[in-house]
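Everything below concerns the one structure shown next.
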Amino acid sequence: MIVSTVPYILPNWVRAVKPFNVNRAFALVLALGCASVVRAQSGALVQAWRYDPRTHSVEIRINNVSQKGITAFNMTVVMKHGDGTQAVGEAGADFSTGIGSLAAETNYDARLYSAKAVTNVEAVIDVIVYADGTSEVHNKRAYDRIVTERKKTRRTVEQKANRLSCRQAHGRPFRLRVRRPALVACPKLSA
């Protein structure tokens, strides 16, 4: 028997300490491991939802509970209707082209449309992309869609920037509408 070494002044704290057996130790490690995994996978939470029958819109409040900004997210949504049917779909937002990111510990209201009256909404956030480049992915297809859209946007912005820089280098006026596509290609400038 092992007895703890608490000062004599606190006699109520002195008790016998039993060593852990293998089953208790394994259960404790497993419980602590699962608790940290759950916390690590919860950077954003669905806080609440509201249905407006006048506009047939469903508003879902997303709460960023992480300490990092969120640049994009995706969620799977199940809407249950008054007639007993349900609709399953996905919704999300990419803030990288607009506000930049959803700041830490702030909210975002996602709006969806439903032609039928909604009685219940279940939403699960399955993709979160953070401003520091990390992400939480539980839906690979949705994550790939976000990455593809970002690549398309970046390519479009680069093409427009190249057109503008070519026009500026040749002293041509800035026009975003190109009437003669052959003039868009920027020839190599000689020094």
Worksheet entry | Selected residue (criterion: surrounded by the most Cβ atoms within 10 Å (Cβ to Cβ)) from residues of the range 146-164 that are in contact (Cβ under 8 Å) with a residue 40 or more places away in the chain and more than 13 Å from the chain's Cα centre (by Cα) | Arg150
Discussion item. Quick check on the range 93-108. Is at least one of its residues among the β-branched types (Val, Ile, Thr) and surrounded by 15 or more Cβ atoms within 10 Å (Cβ to Cβ)?
Written reply: no
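Conditions (1) in contact with a Gly (Cβ under 6 Å, 6 or more places away or on another chain); (2) of a type in the set (D, E, K, R), marked per residue:
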site	(1), (2)
Arg61	no, yes
Gly89	no, no
Gly92	no, no
Leu112	no, no
Val124	no, no
Ile128	yes, no
Item to complete: Answer yes or no as to whether Ala91 is under 13 Å from the mean Cα position of the chain (by Cα) and modelled with pLDDT under 95.
Response: yes
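The values are calculated or read from the model by the stated rules, or taken from the named source; none is laboratory data. The structure displayed is predicted, hence computed values, not measured ones. Using ideal geometry, Cβ is built from the backbone for each residue, glycine included, and neighbour counts are taken over all protein chains shown.
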